[in-house]
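Notes to accompany the following structure.
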Amino acid sequence: MESTELARLRRVAGKQTTRLTHYGRKTGKPHEVTIWFVLDGDKLYIGTANVNRQWVRNVQKTPKIKLSMGDESFSGTVRFLTDRAEHERVMTAIRRKYWMFRPILEIGRILSAKGLMRDNAGSFEVTLLG
């Protein structure tokens, strides 16, 4: 049987972005950022092109988050994906969902593979609380 949270999430999974609330590393104050997300099967993932961004550093220290998509809100925790194969699987799902940006994403991958650009991409698995 599907959880209520997962059913709610499936209802808004087609949205393009989510509002992620994260908490400051030093102050603990909430901050928001709009980011891409993907639901792959029953797993929710978020990704970033730059792991040096403040929100990424904040959630690595304090993995508690809130997400808003459409008229739904969720609470959860995140886990940074350190396994390269797992990260690549998530990035493939992100490229599939955001197909219109595939040329830009592919150029970044090619430049990174050739050593002309640093690959700063990262991804997180979200575990919903509820």
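The values are calculated or read from the model by the stated rules, or taken from the named source; none is laboratory data. From a predicted model like this one, the values you see are computed outputs, not experimental measurements. Reconstructed Cβ throughout: ideal geometry from the backbone, glycine too, with neighbour counts over all protein chains shown.
Here is a yes/no grid of residues against (1) among the hydrophobic types (A, V, I, L, M, F, W, C); (2) at pLDDT below 90; (3) surrounded by fewer than 17 Cβ atoms within 10 Å (Cβ to Cβ):
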position: 7; (1), (2), (3): yes, no, yes
position: 11; (1), (2), (3): no, no, yes
position: 19; (1), (2), (3): no, no, yes
position: 28; (1), (2), (3): no, no, yes
position: 38; (1), (2), (3): yes, no, no
position: 45; (1), (2), (3): no, no, no
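Condition (residue is assigned to a helix (DSSP H, G or I), touching a residue at least 12 places away in the same chain (Cβ under 8 Å) and among the β-branched types (Val, Ile, Thr)) applied to segment 19-29: is it met by at least one residue?
Narrowing segment 19-29 to residues assigned to a helix (DSSP H, G or I): none.
No.
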Residues located in segment 82-130, provided they are polar (S, T, N, Q), at pLDDT below 90 and within 18 Å of the chain's Cα centre (by Cα): 92, 120
